[in-house]
Amino acid sequence: MTAAAIIFGLTYLVIGLQRIPKLHLGRPAGALLGAVAMVAWGVLDFDAAKRAIDLDTILFLLGMMIVLAYLELSGFFEVVERRILGLAHSACGLLWLVVLSSGLLAALFMNDTICLMLTPVVVRVTRRLSLPPAPYLIALATASNIGSVATIIGNPQNALIAVRSGIGLLPFAAALWPVAAAGLVLDGLLLAWIYRRTITAARLVVPPPRQPGEVQRAMLAASMLAGAGMVIALAFGAHPASAAMSAGAAVVLAGATRPRRALQMVDWSLLLFFGGLFVVMRAVEQAGLAHGVVAGIAGPLAAGGPEALARMGAAVTILSQAVSNVPAVMLFVPTMEALPQATAHSLWLGLAAFATLAGNLTIIGSVANVIVFETARRDGVHVGFLEYLKVGAPLTLATLALAWAVLSLR
């Protein structure tokens, strides 16, 4: 137990800090080293470590990433976003379009991908219109997180929860789409009020959308059909990993480009991160530490109800800021799997909502946030920690309270 606690602490230190000076260890490397250390120190044997890796979750994410890679190569994301932005007639209208389109796309195509694809577009458009980029970048990050709450394919932690809990696409969406929809409205209202002095109602001339001739139509059609087929299969109760990998295989067969280019765009480091964390968390569970950490912060959850949801929300918010939302969810998984099914259903949904919404609290609260602001920084746009916090803090508190209220009434 002592070895497990030390390795667990060091692993999460690396994951939380993301970069150790002179060592250059990011999240995936930290998770991998933690997994190797757990085996090397005998906390977990090698066979148990192999069994700990949840291939269902890994394959589900991999299949989605392949479909998303082909959508990106086809020009789908830039076309959709530029066409939506073309509807804006004022700076405030542009803000609302960023919020609503980012939230909707994140629910369908995973928030990290949407942030990666749309950040350069938002930077280019705001520069061309001489608008301050900060409100629109914050809108992109926060709305992508909020919108991704609605579905099991909206973000990695939702995918993990869906696989472990057995909650299907439609029941999951039916429970959490009101949280996402109301949260996006709160996001837009809060941003419009905070930046009311810099975002005016003046008419804008938005750059024209991408020309149709630049789109790879065959690849776009194949990717959209594969993605739609995956969503339909999930809606009818298909196994998530099977549906995602079938969609990935279909789009590879029908793609109008060599698979190597699309496979290079898959976030292999995220899959490595998950694999390492599965091993670390199995060792922590086997040593009895996972239950102790969750019980010490959240208290007993077996009774369920609004009080348990509130305690879980507070605990997940604290842990998410320390180790990010995916590792925070993994800490809760062993405890959640041991709960009675009647109690666990609402708590699984609460875990998904709270972990995702808590990512909006700080600029480093979620991977999606880091993607937006690091990509913008490379383009010469800097958004400060405190500037983000003045939006993130009230928005997170409001949306967490909203999620608690919606789930408590179920």
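Bear in mind these aren't lab numbers, they're just calculated from the coordinates by the rules spelled out. What you see is a predicted model; the values in this text were computed from it and never measured. Don't worry about glycine lacking a Cβ; one is built from the backbone with ideal geometry, like all the others, and counts go over all protein chains shown.
Based on the alpha-carbon gyration tensor of region 70-169 and its eigenvalue square roots a ≥ b ≥ c, which shape applies: rounded if a/c is under 1.5, prolate if not and a/b is larger than b/c, or oblate?
prolate
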Worksheet, complete the sentence: With Cα springs under 10 Å, the Gaussian network model of the chain assigns the largest mean-square fluctuation among ALA238, ALA173, ALA40 to ALA40
Worksheet entry | Fewest-first sequence of CYS92, CYS115 by Cβ atoms within 10 Å of each Cβ | CYS92, CYS115
Discussion item. Quick check of the Kirkwood formula: for region 115-170, what is the inverse mean of 1/r over all pairs of different Cα atoms, in Å?
Written reply: 12.9 Å
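Test of understanding: ordering PHE109, PHE274 by Cβ neighbours within 10 Å, fewest first, what list do you get? Write down the numbers at each step before the final one.
Numbers: PHE109 25, PHE274 21.
So the residues, fewest neighbours to most, are PHE274, PHE109.
Sorting THR335, THR362 on the 10 Å Cβ count, fewest up front, what's the list?
Working: THR335 23, THR362 17.
If I rank by nearby Cβ atoms, fewest first, I get THR362, THR335.
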Fill in: Per residue Cα convex hull volume in Å³ - calculated over the chain
136 Å³
Worksheet entry | Amide H partners (placed H, <5 Å) of SER90, local residues excluded | LEU204
Item to complete: Please give, to one decimal in nm, the separation of the simple spin-label points placed at ARG260 and GLU307, each 7 Å out from Cα toward the Cβ.
Response: 6.2 nm
Worksheet item: Can you give me the Cα centroid spacing of region 101-123 and region 55-73 in angstrom?
Response: 16 Å
